[in-house]
1. Within region 308-317, is there a residue that is crowded, with 23+ Cβ neighbours inside 10 Å, at pLDDT 95 or above and not assigned by TED's automatic domain parsing to the domain that holds residue 9?
2. What tally of residues in region 248-274 results from selecting those that are under 14 Å from residue 132 (Cβ atoms), in a helix (DSSP H, G or I), in contact (Cβ under 8 Å) with a residue 60 or more places away in the chain and within 18 Å of the chain's Cα centre (by Cα)?
3. If you check residue 96 against the conditions, is it modelled with pLDDT under 95 and in a helix (DSSP H, G or I)?
4. For residue 331, only one of the following conditions fails: (1) under 29 Å from residue 9 (Cβ atoms); (2) buried (at least 18 other Cβ atoms within 10 Å of the Cβ). What is its number?
5. Between a residue in region 11-22 that is free of Cβ contacts under 8 Å to residues at least 24 places away in the same chain and any residue that is part of a strand (DSSP E or B) and surrounded by fewer than 24 Cβ atoms within 10 Å (Cβ to Cβ), which pairs come within a Cβ distance under 7 Å, given they are 6 or more apart or on different chains?
6. Just to be sure, is residue 324 part of a loop (DSSP other than H, G, I, E, B), over 17 Å from the mean Cα position of the chain (by Cα) and either surrounded by fewer than 21 Cβ atoms within 10 Å (Cβ to Cβ) or at pLDDT below 95 (or both)?
7. What single numbered condition from (1) touching a helix residue (DSSP H, G or I) at 6+ places or on another chain (Cβ under 9 Å); (2) in contact (Cβ under 8 Å) with a residue 60 or more places away in the chain; (3) buried (at least 21 other Cβ atoms within 10 Å of the Cβ) fails to hold for residue 2?
8. For region 33-42, does any single residue satisfy the condition of being crowded, with 19+ Cβ neighbours inside 10 Å and in contact with a strand residue (DSSP E or B) (Cβ under 7 Å, 6 or more places away or on another chain)?
């Protein structure tokens, strides 16, 4: 079975062809970093306009890279939520049109589910596992028992981890996307130079909060003065990153130990962070827990994870109708 997966939930236009849920025939992504960079974050209206411009060339490119034609496709998979509603509608409209014209079935894919399953594009990870999904829009913790079997353990009470990276990078004038820039800058800094606070919830051990550290960073920069903190950018970046990583690692490990699960999977754009990957592997290894990380290209939004998730549901006989609508607030 060959599935064409299309992802347009936020600011990446992506398409991929996947065969039998294992072989990636093509995986094409167009980023909008240069479009949103001047604003320090994603502008929804600009994102949807860019998707309209990019979607047909990206899908055509994926088909060309795979050496395939539309007639070779057995099913379509498209993100229908959560995300920016204007962006979601672009991908959904294209897939509905292609399905109507060709008679090829399609399924709507939950973006969150796709991230939880993305690890299987590269690794044969046995179920169950604890999955940390950390991105610009989400910070969630799940017990993954199988395809379609997810237990929500906790999530952020306010900001997402990726959003905190972006906002602090903007405060420091570092550019966008902030997570990647801070990660690179932190490699030459001292993670103990500044003691930023770590949020903990005594009665909710699997929950997160990043608004406090974001505010703390703002006050620190203001109190220091620009001339002072400009000379210590690497140390500030390393200290801020270390605090965020600690707040992600500790609840995830607690969840794995409490549920007797010896496998942890990282997912979402923040899972590409080198310090998070290293510290989770280090602390997990000390507890006899295996930690699995997708390649960075499968941490960020991509069509391959959509195609993989769609493959599993198409294989089970699910076909969605044209009445399926975009759901910006879709949960899992």
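1. Just the residues of region 308-317 that are crowded, with 23+ Cβ neighbours inside 10 Å, to begin with: 308-311.
Still in the list and also at pLDDT 95 or above: 308-311.
Keeping just the survivors that are not assigned by TED's automatic domain parsing to the domain that holds residue 9 gives none.
Scanning region 308-317 turns up no residue that is crowded, with 23+ Cβ neighbours inside 10 Å, at pLDDT 95 or above and not assigned by TED's automatic domain parsing to the domain that holds residue 9.
2. Total meeting the criteria: 6.
3. no
4. Every listed condition holds for residue 331 apart from (2).
5. 19/2; 19/25
6. The answer is yes for residue 324.
7. (3)
8. No, region 33-42 contains no residue that is crowded, with 19+ Cβ neighbours inside 10 Å and in contact with a strand residue (DSSP E or B) (Cβ under 7 Å, 6 or more places away or on another chain).
The values are calculated or read from the model by the stated rules, or taken from the named source; none is laboratory data. Since we're looking at a predicted model, the values are computed, not measured. In this analysis, Cβ positions are derived from the backbone assuming ideal geometry, glycine residues included, and neighbour counts consider all displayed protein chains.
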